[in-house]
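Contents: one structure, followed by commentary.
The values are calculated or read from the model by the stated rules, or taken from the named source; none is laboratory data. Since we're looking at a predicted model, the values are computed, not measured. No Cβ is skipped: glycine too gets one built from the backbone with ideal geometry, and neighbour counts run over all protein chains shown. Keep in mind that these areas ignore ligands, DNA and RNA; they rest on the heavy atoms of the full protein, side chains included. Shrake-Rupley method; radii C 1.70, N 1.55, O 1.52, S 1.80 Å.
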Amino acid sequence: MLIANNISKTYENEKIIDKVSLSIKAGEMTVLIGPSGGGKSTLLRILSMLTPPDEGEIILNDNKYKFPLPKNINEISPRPWPELTAVFQQLFLWPHMTLRENIIFPALNILNEEEAKKELDELIELFDMASFIDKYPNETSGGQRQRAAIARALILQPSYIMLDEVTSALDIEQAAKVLDILKKLKKKNISILLITHHVNFAKDVANQIIFLDKGKIIESGGAEILIEPKNKRLKQFLSIIESTS
Amino acid sequence: MSVLDIIIDYHMAFLNGLLVTVQLCAIIWSVGIIIGTLTAIGSIKYHKIIGIPARIFSFILSGIPILVFLYWLHYPAQSIFDLVIDPFYTAALTLTIVNIFGVYDLVREALENFPKQYLTAAKVTGLSKKQTIFKVQLPLIIRQVLPGLLLLQVIMLHTTLFASLISVEEIFRAAQRINAHIYKPVEIYTALGIFFLIICLPINGFAM
């Protein structure tokens, strides 16, 4: 279980995250929705332990991380990755490696060569990557790179995976495929935190939906908050999404 | 007397000059690349102690013509400190300092502008620090720096010609001496050009 308590983050005197508390249960999917600049990506980076918050605490399984970190410590310890991993909107594939190498190289830290190859073959089939797996990132499309980035995260067999707008670079068909894979991950007991504007997907699959605006959780709950939102700001946000989709 | 005749007849003079040029280059290239790279790494890690002074010195140096710097270290500096240093070492020191700061600027820029997202990817995929440095950072930085670094080393090879002006017996000085003896400037300097082409073209080709 991942628990965040009273997380706050300020950038240049502006509070980006304001005393946010949430929990992500094992095998559950939490979807973060909200307007741009509302703090979703910052919160995801904080929960991925990539950006330390100014205050608060994060509990990941048996490990408690208190913030701010003591002055003489620059890095969190123990390192939570790759048990907790993340895939971002911008594609972070290493450009000097082929997509295959990008996926297999970190996997060799946790799997032997044979296991890694087997896992990769399954992922190649799952993500339909056979035609471009041996190409370099700059030789592939945004959608192909995005699939490889997700595959790289999945081969690490994480317990928690944080996904920031991972379908944004994909066309409708590919996005549907990725979202379908996320449904399967849920069944594999992987906890997912997903930022997406696919409200209908959130309605269908998410165990928990969190509406974040101006760094605060405005409303959270199950699919019902999208069907019958109580908060005026969430209602307004959903009507904008509906009118643009 | 053709270019080939000159190369054959005066091959020993050319080879002796070339040997001095190669020795100069060996010092300028090796010390410049090693110290320049270490200074760049140090300047990122110890910004106040190494970074700021190195940047100031590099900035000042970029405004001084190499020839003026060489002459200054050869004449006034030795006079001020009451020293007499072999011109070869003065030339080696001058050009090595220039190369150190050239390499420093190239490597520092590559380190400062290294895309942070590749390090983030390394972190979330659980790579160790060693793996991140040697398998992600280093190959990408080398790929970025190498063309500029090789071109800089070719330029440094060209600048070794300045050493002849303070009487270092390198290849240009050898050519001048041969010319003073037989006065065939077109053929002699063509032969010199061929020497430089043989050395520089493969490096330039690799850099591209």
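Using a 1.4 Å probe, what is the accessible area per residue for segment B:4-78, in Å²?
Details: 4520 Å² over 75 residues.
Here the per-residue accessible area is 60 Å².
I'd like the distance separating the alpha-carbon centroids of segment A:110-188 and segment B:51-90, in whole Å. What the calculation gives is 57 Å, centre to centre.
Max-minus-min Cα coordinates of chain A on each principal axis give 50, 49, 33 Å, with the largest extent listed first. Taking every pair of Cα atoms in segment A:2-148, average 1/r, invert it to obtain the Kirkwood radius, and report Rg/Rh to two decimals. Taking Rh as the inverse mean 1/r over Cα pairs, Rg/Rh reads 1.02. The B-A contact accounts for roughly 1800 square angstrom of buried accessible surface, both chains included, probe 1.4 angstrom. Rounded to the nearest 10 degrees, the angle from helix A:142-154 to the longest Cα principal axis of chain A is 90 degrees. What is the antiparallel percent of DSSP beta bridges lying wholly in chain A, to the nearest 5? Counting DSSP beta bridges with both partners in chain A, the antiparallel share is about 55 percent.
In vacuo Debye scattering of segment A:190-245, one point per C-alpha: log10 I(q)/I(0) at q = 0.15 Å⁻¹? Calculated log10 I(q)/I(0) at the listed q: -0.40. With the largest listed first and rounded to whole Å, the semi-axes of the equivalent ellipsoid of segment B:106-148 from the Cα gyration tensor are 20, 10, 7. Look at the Cα gyration tensor of segment A:95-183: its axes a ≥ b ≥ c give a/c of at least 1.5 with a/b at or below b/c, and that counts as oblate.
Looking at chain A, identify the longest residue range that excludes and avoids all GluC sites (Glu not before Pro) in DSSP loops having at most 13 other Cβ atoms within 10 Å. Could the numbers behind the result be given before it?
Working: sites that count: A:Glu12, A:Glu75.
Longest stretch, sites excluded: A:76-245.
For chain B, the 222 nm mean residue ellipticity estimated from helices alone, with every DSSP H stretch of n ≥ 4 adding -39500 (n - 2.57) and the total spread over all residues, rounds to -25500 deg cm²/dmol.
With r as the distance between the Cβ atoms of A:Lys235 and A:Asp180 and R0 = 35 Å, compute the FRET efficiency 1/(1 + (r/R0)^6) and round to 0.05.
Details: r = 29 Å, r/R0 = 0.83.
Once the sixth-power term is evaluated, E becomes 0.75.
Which FRET efficiency value, to the nearest 0.05, do you get for A:Lys188 and A:Ser36 by plugging their Cβ-Cβ distance into 1/(1 + (r/R0)^6) with R0 = 30 Å? Efficiency for this residue pair is about 0.45. Amide H contacts under 5 Å for A:Val87: A:Met162, A:Leu163, A:Asp164, restricted to partners 5 or more places along the chain or on a different chain, H placed in the peptide plane at 1.01 Å from N.
Dividing the convex hull volume of the alpha carbon atoms of the protein assembly as shown by its residue count gives 207 Å³ per residue.
Remark on segment B:119-133: accessible area falls by at least 20 square angstrom from chain-alone to full-complex state for B:Thr120, B:Ala121, B:Lys123, B:Val124, B:Thr125, B:Gly126, B:Leu127, B:Lys129, B:Gln131, probe 1.4 angstrom.
Counting other C-beta atoms within 10 Å, and keeping those with at most 15, which DSSP coil chymotrypsin sites (Phe, Trp or Tyr not before Pro) do you find in segment B:179-208?
Working: sites: B:Tyr183, B:Tyr189, B:Phe195, B:Phe196, B:Phe206; in loops: B:Tyr183.
In loop regions of segment B:179-208 (DSSP not H, G, I, E or B), the sparsely surrounded chymotrypsin sites (Phe, Trp or Tyr not before Pro) are B:Tyr183.
Estimate the FRET efficiency between B:Leu146 and B:Ile56 by the formula 1/(1 + (r/R0)^6), using the beta-carbon distance for r and 30 Å for R0, to the nearest 0.05.
On the way: r = 27 Å, r/R0 = 0.90.
For B:Leu146 and B:Ile56, the calculated efficiency is 0.65.
Label separation (B:Ser2 vs B:Ser128): 6.2 nm, computed from points 7 Å beyond Cα along the C-beta direction.
Here the protein assembly as shown carries DSSP beta bridges of which approximately 55% are antiparallel, counting only pairs with both residues inside. Against the empirical 2.2 N^0.38 Å (N residues), segment B:95-208 has a Cα radius of gyration ratio of 1.57.
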